[in-house]
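Inspection log for the structure reproduced underneath, given as structure tokens.
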């Protein structure tokens, strides 16, 4: 009995994951340009963060400058990731 329940649950989860994967692919295809634009912006912000870390390690910027600039870039990254989530959620309706 327990085995049957487990199998049913596994099948259900498998269908759910497959459905979500297909839905995400459709969302990506429908919004390809927007996703690519956001992804490019994210890459740029990540490069900026990487550069800031290198500058901090090289002691070419102060800790205060690093904290100020990195927190600003991290906030921008958060906002970009939120845009992706919003696109994903809008298309689920």
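The values are calculated or read from the model by the stated rules, or taken from the named source; none is laboratory data. Treat the numbers as computed from the prediction; the structure is a model and nothing was measured. Cβ: placed from backbone, ideal geometry, glycine included. Neighbour counts: every protein chain shown.
Residues considered: 67, 39, 25, 44. Of these, the only one that is surrounded by 11 or more Cβ atoms within 10 Å (Cβ to Cβ) and at pLDDT below 95 is 39. Whenever a residue of the range 23-38 is touching a residue at least 24 places away in the same chain (Cβ under 8 Å), it has no partner that is exposed (fewer than 12 other Cβ atoms within 10 Å of the Cβ) and assigned to a helix (DSSP H, G or I) lying with C-beta atoms less than 7 angstrom away and at least six residues away or across chains. Remark: residue 83 matches the filter, which requires a residue to be part of a helix (DSSP H, G or I), within 13 Å of the chain's Cα centre (by Cα) and either surrounded by 11 or more Cβ atoms within 10 Å (Cβ to Cβ) or assigned by TED's automatic domain parsing to the domain that holds residue 25 (or both).
Take residue 56 and decide whether it is over 30 Å from residue 25 (Cα atoms), in contact with a helix residue (DSSP H, G or I) (Cβ under 6 Å, 6 or more places away or on another chain) and part of a helix (DSSP H, G or I). Yes, satisfied.
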